[in-house]
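Below: the structure, in structure tokens.
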Amino acid sequence: MNTQTTIAGVTLKNPVMTASGTFGSGMEYSEYLDLNRLGAVVTKGVSNVPWPGNPTPRVAEVYGGMLNAIGLQNPGLDVFRKRDLPFLEQFDTKVIVNVCGKTVEDYVAVVEQLGEETSVAMLEINVSCPNVKEGAIAFGQKTEALYGITREIKRYAKQPVIMKLSPNVTDIGEMAKAAEAAGADAVSLINTITGMKIDIHRRRFALANRTGGLSGPAIKPVAVRMVYQAAQAVKIPVIGMGGIATGEDAVEFLLAGASAVSVGAMNFVDPLTTIKVIEGIEAYMEQYHIENLSDLIGAVEG
Amino acid sequence: MKQKQTARVISQRELAPGILDMWLDTELAVQARPGQFLNLYTKDKSLLLPRPISICEVREDGRALRMVYRIVGKGTGEFSRYREGDPIEILGPLGNGFPYEKSVGKKVFLMGGGIGIPPMLELAKRLKAEKQIVLGYRNGDLFLGEDLEKYGRVFVATEDGSAGTKGNVMDAVRENGLEAELIYACGPLPMLRAVKAFAAERGIPAYISLEERMACGVGACLGCVVKTRAVHPHTNVNNARICTDGPVFEAGEVEI
């Protein structure tokens with residue numbers, strides 16, 4: 001059985017990755033699972049300088065999911081390169097660094113410096129975080145803005161560029177096309193869906209930021225639909241995510257057209273979710289006598 | 001590798017209205033330090049996230065943990081219905097715990113407010129110090145006081161004055177003219193702010209256990225942070241993760 005999948009010339013041993021922001025820099029979860037088993041580790045968003053993030057409460061539970069408004073807290077690129085990247089280099093998995101910024105120049109600064117790091121297989125550009133005021137989603141909700149930043153990043157990037165798309169748009173196909181037209185090597189989706197929770201007993205917002213990003217199994221049908229629409233719209237690979245908890249969930253995304261998948265909020269529910277998803281995909285392939293994982297990609301019929 | 005384990009409920013009873021006392025059979029108990037917590041997972045899958053609950057007591061043989069918690073919603077409501085032999089998924093022990101070795105031979109306060117009282121029990125058992133245990137409750141529905149009396153002098157405060165000093169734990173300290181060289185505390189934020197101010201005034205260390213809405217419990221999601229006085233070495237910003245850098249912090253290090 002061959003579970004390999006290739007994205008922009010980078011071959012992953014299996015299609016299962018970690019969704020940015022749910023897996024720290026990998027270090028936190030390395031005590032709970034063997035990182036060597038993962039197709040790739042996608043890091044928490046990294047910016048050119050340290051970001052303190054939002055006030056607390058930053059997380060809230062909702063039916064079948066959660067809201068978060070972390071605000072992209074991260075230690076900055078220097079600490080990432082000195083501490084987190086060398087840690088990840090010990091493992092036989094691909095490293096995908098998620099990049100965030102407030103301005104185009106911020107993004108470019110990170111992308112340029114990461115160009116010197118040969119252990120970074122790909123870059124994922126976060127233009128879809130709903131929880132920060134500047135940057136991020138400002139680039140991810142209009143086709144012209146997305147095209148512009150993608151184009152600029154591609155001028156400097158040494159590694160393949162994945163644009164991470166927001167679901168908080170009218171037409172996801174148009175957004176994917178804009179990224180492709182600007183030279184993106186792949187797109188990943190969905191980031192979280194903007195939501196809100198109100199504590200009716202205290203008559204207060206559950207999150208200090210008032211709004212937050214919804215993730216978890218509650219969003220999976222929305223994510224499968226958007227991955228399908230994006231995969232129909234572009235020729236570049238699509239990485240699918242949104243509420244994946246099992247191998248069956250992952251297969252749904254593959255059939256919808258994803259070349260790889262990420263596990264996000266469910267890492268919090270069980271640190272072994274990624275491993276269970278990998279084993280679930282293998283069990284599915286065995287059950288249906290599928291030799292190559294690539295035969296599943298976009299294979300939905302009817 | 002650490003991973004989620006299935007523990008069995010040994011017993012469960014109500015200590016006071018809405019306060020449950022559950023013993024769990026688990027080999028993880030031997031690793032537990034006072035002030036650490038467990039992530040408890042519900043069977044109801046519409047409730048996604050683990051419930052972080054502090055460890056109240058470790059059984060002498062290191063094979064069982066006592067969890068004393070308040071019913072605050074659906075998740076803890078589900079736990080409250082568990083009976084002897086029921087399985088429950090747990091992860092832990094998590095967090096740093098109280099640095100109880102620091103108090104050898106000293107005169108200390110153990111201060112617990114409401115559902116911050118349970119972690120004081122295992123701490124009291126392990127401390128080799130002169131222990132003054134100050135407990136704050138909303139009303140006369142007291143719990144764990146009798147267990148704690150075995151390990152030190154207990155002082156009680158209630159908000160409505162129905163038992164002990166009327167007011168909070170600091171009122172009980174003042175009324176009884178108590179002094180200490182070191183403080184351990186867990187409770188609501190206003191209480192911990194008062195403890196921090198008291199310790200700063202006296203120039204004594206205070207180790208306080210904080211809580212915050214959490215998702216992962218292992219330091220990955222950055223949901224449960226507290227502002228810190230100095231740049232924290234791990235996060236490289238003025239934030240520490242309550243789940244892994246804490247939940248216990250020296251009061252002077254955090255901005256609460």
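A cysteine counts as unpartnered when no other cysteine's C-beta lies under 4.7 Å of its own; in the protein assembly as shown this applies to A:CYS100, A:CYS129, B:CYS56, B:CYS186, B:CYS224, B:CYS243. Within a straight-line Cα-Cα reach of under 29 Å, A:LYS276 can be paired with the following lysines, leaving aside sequence neighbours fewer than 8 residues apart in one chain: A:LYS13, A:LYS44, A:LYS94, A:LYS164, A:LYS220, B:LYS2, B:LYS4, B:LYS43, B:LYS45, B:LYS74. Our coupling estimate for the stretch B:59-71, obtained by passing each phi through the Karplus curve with A = 6.51, B = -1.76, C = 1.60 and θ = phi - 60°, is 5, 3, 7, x, 10, 8, 10, 9, 10, 10, 9, 9, 6 Hz, Gly and Pro reported as x. Put simply, the amide H of A:THR5, placed in the peptide plane, has neighbours under 5 Å in A:LEU12, A:ASN14, leaving out anything fewer than 5 places away on its chain. Less than 5 angstrom separates the built amide H of B:CYS216 from those of B:CYS221, B:GLY223, all sequence-distant by 5 or more or on a different chain. Mean per-residue shielding of peptide A:65-73 is 3, counting Cβ atoms of other chains within 10 Å of each Cβ.
Apply the a/c threshold of 1.5 to the C-alpha gyration tensor of the stretch A:19-127 and tell me whether it is rounded, prolate or oblate.
Taking the square roots of the gyration eigenvalues as a ≥ b ≥ c, the stretch A:19-127 is oblate.
Counting only DSSP beta bridges with both residues in the protein assembly as shown, the antiparallel share comes to about 50 percent.
Within the accessible area of the stretch B:5-94, what % is carbon and sulfur when the probe is 1.4 Å and the other protein chains stay in place? Don't jump to the answer; show the numbers that get you there.
On the way: 1730 of 3690 Å².
Carbon-and-sulfur percentage of accessible area, whole number: 47.
Projecting the Cα atoms of B:GLY85, B:ASN96, B:GLY73 onto the dipole axis of the stretch B:65-108, where Lys and Arg carry +1 and Asp and Glu carry -1 at the beta carbon, places B:ASN96 farthest toward the positive end.
Rounded to the nearest whole Hz, the Karplus-based 3J(HN,Hα) values (6.51 cos²θ - 1.76 cosθ + 1.60, θ = phi - 60°) of the stretch B:197-208 follow the sequence 5, 4, 5, 5, 4, 7, x, 10, x, 9, 9, 10, with x at glycine and proline. Exposed loop sites here are GluC sites (Glu not before Pro) assigned a DSSP state other than H, G, I, E or B and surrounded by at most 16 other beta carbons within 10 Å; excluding them, the longest clear run of chain B is B:182-256.
Antiparallel versus total DSSP beta bridges in the stretch A:157-302: what percent is that, nearest 5?
Numbers: 6 of 15 bridges.
Percentage antiparallel, nearest 5: 40.
With a/c under 1.5 counting as rounded, go ahead and sort chain B into rounded, prolate or oblate using the C-alpha gyration tensor (a ≥ b ≥ c being the square roots of the eigenvalues; past the cut-off, prolate if a/b is larger than b/c, else oblate). Oblate, because a/c is 1.5 or more while a/b does not exceed b/c. Computed about the Cα centre, the dipole magnitude for chain B is approximately 400 debye when only Lys and Arg (+1) and Asp and Glu (-1) carry charge, each at its Cβ.
For peptide A:25-33, how many partner chain Cβ atoms fall within 10 Å of a residue's Cβ, on average?
Values: counts 1, 1, 3, 9, 4, 1, 5, 7, 3.
Mean inter-chain Cβ contacts per residue within 10 Å come to 4.
Residues whose amide H comes within less than 5 Å of that of A:ALA206, counting only those at least five positions distant or on another chain, are A:LYS197, A:ILE198, A:ASP199 (H built at 1.01 Å from N in the peptide plane). Summing both sides, the accessible surface hidden between B and A at a 1.4 Å probe radius is close to 2900 Å². Normalised Debye scattering of the stretch A:5-296 at q = 0.11, 0.12 Å⁻¹ gives log10 I(q)/I(0) of -0.57, -0.69, counting only Cα atoms as equal scatterers and leaving out solvent. Annotation: the antiparallel percentage among DSSP beta bridges lying fully within chain A is about 40.
If you roll a 1.4 Å probe over the stretch A:76-164 with all protein chains in place, what percent of the accessible area is carbon or sulfur?
Working: 1720 of 3670 Å².
Looking at the stretch A:76-164 in its full context, I get 47 percent from C and S.
Of the residues A:THR103, A:SER25, A:PRO160, the one whose Cα sits farthest toward the positive end of the charge dipole of chain A, with +1 on the Cβ of Lys and Arg and -1 on the Cβ of Asp and Glu, is A:THR103. The contact residues of the stretch A:272-296, meaning those that lose at least 10 Å² of 1.4 Å-probe accessible area when all protein chains sit together rather than their chain alone, are A:LEU272.
Just to confirm, what accessible area per residue do you get for the protein assembly as shown at 1.4 Å probe, in whole Å²?
Numbers: 22170 Å² over 558 residues.
Solvent-accessible surface per residue comes out at 40 Å².
Across the options B:ASN39, B:VAL195, B:MET1, the greatest Cα extent toward the positive end of the charge dipole of chain B (unit charges at beta carbon of Lys, Arg, Asp, Glu) belongs to B:MET1.
With a simple spin-label model that places each label point 7 Å from the Cα along the Cα-to-Cβ direction, the separation between B:ARG193 and A:ARG151 comes to 5.2 nm. Could you calculate the FRET efficiency of A:VAL49 with B:GLN31 from 1/(1 + (r/R0)^6), where r is the beta carbon distance between them and R0 is 56 Å, rounded to 0.05? The pair A:VAL49/B:GLN31 has a calculated efficiency of 0.90. Contact-buried residues of the stretch B:34-73, at a threshold of 20 Å² lost accessible area versus the chain by itself: B:TYR41, B:SER46, B:LEU48, B:LEU49 (1.4 Å probe; DNA, RNA and ligands ignored).
Sum up the lysine pairs in the stretch B:100-255 that clear both bars: alpha-carbon distance under 13 Å and a spacing of 8 or more or different chains. For the stretch B:100-255, qualifying lysine pairs total 7. Counts of other chain beta carbons within 10 angstrom of each beta carbon in peptide B:179-189 average 0. Projected label points at B:ASP86 and B:GLU175, each 7 Å from Cα along the beta carbon direction, are separated by 3.7 nanometres.
From the protein chains alone at 1.4 Å, what is the descending order of accessible area for B:HIS234, A:HIS289, largest first? It would help to have the intermediate numbers written out before the result.
On the way: B:HIS234 45, A:HIS289 160 Å².
From most exposed to least exposed: A:HIS289, B:HIS234.
What the phi angles of the stretch A:85-101 give under the Karplus curve with 6.51, -1.76 and 1.60, with θ = phi - 60°, is a coupling list of 5, x, 5, 5, 5, 6, 9, 8, 8, 7, 9, 10, 9, 7, 10, 10, x Hz, glycine and proline written as x. Protein-only accessible surface at a 1.4 angstrom probe places the residues B:LYS102, A:LYS13 in the order B:LYS102, A:LYS13, largest first.
Find, among the chymotrypsin sites (Phe, Trp or Tyr not before Pro) in the stretch A:11-91, those assigned to loop by DSSP (not H, G, I, E, B) with at most 14 other beta-carbon atoms within 10 angstrom.
Working: sites: A:PHE23, A:TYR29, A:TYR32, A:TYR63, A:PHE80, A:PHE87, A:PHE91; in loops: A:PHE23, A:TYR29, A:TYR32, A:TYR63, A:PHE91.
Counting only loop positions with at most 14 other Cβ atoms within 10 Å, the chymotrypsin sites (Phe, Trp or Tyr not before Pro) in the stretch A:11-91 are A:TYR63.
Ligands, DNA and RNA aside, A:SER119 has an accessible area near 40 Å² when probed at 1.4 Å. Checking every one of the chymotrypsin sites (Phe, Trp or Tyr not before Pro) in the stretch A:253-302 against DSSP loop status and a limit of 16 other Cβ atoms within 10 Å picks out A:TYR288. Its relative contact order, with pairs defined as Cα atoms under 8 Å and 6+ residues apart, puts chain B at 16 percent.
Please list A:LEU165, B:LEU142, B:LEU222 in order of solvent-accessible area, largest first, computed with a 1.4 Å probe with all protein chains present. Intermediate values should be presented prior to the final figure.
Details: A:LEU165 5, B:LEU142 70, B:LEU222 25 Å².
Of A:LEU165, B:LEU142, B:LEU222, the descending order of accessible area is B:LEU142, B:LEU222, A:LEU165.
Dipole check for the stretch A:86-164: with +1 at the C-beta of Lys and Arg, -1 at the C-beta of Asp and Glu, and the Cα centre as origin, the magnitude is about 340 Debye.
For the protein assembly as shown, what class follows from the C-alpha gyration tensor (a ≥ b ≥ c being the square roots of its eigenvalues): rounded when a/c is under 1.5, otherwise prolate if a/b is larger than b/c, else oblate? Because a/c hits 1.5 or more and a/b exceeds b/c, the protein assembly as shown counts as prolate. By accessible area, using a 1.4 Å probe on protein heavy atoms only, the stretch B:100-255 has 47% of its surface on carbon and sulfur.
The values are calculated or read from the model by the stated rules, or taken from the named source; none is laboratory data. Remember, predicted model here, so these are calculated numbers, not experimental data. Neighbour counts run over all protein chains shown; Cβ positions are idealised from the backbone, glycine included. Heavy atoms of the whole protein, side chains included, go into the accessibility calculation; ligands, DNA and RNA do not. Shrake-Rupley method; radii C 1.70, N 1.55, O 1.52, S 1.80 Å.
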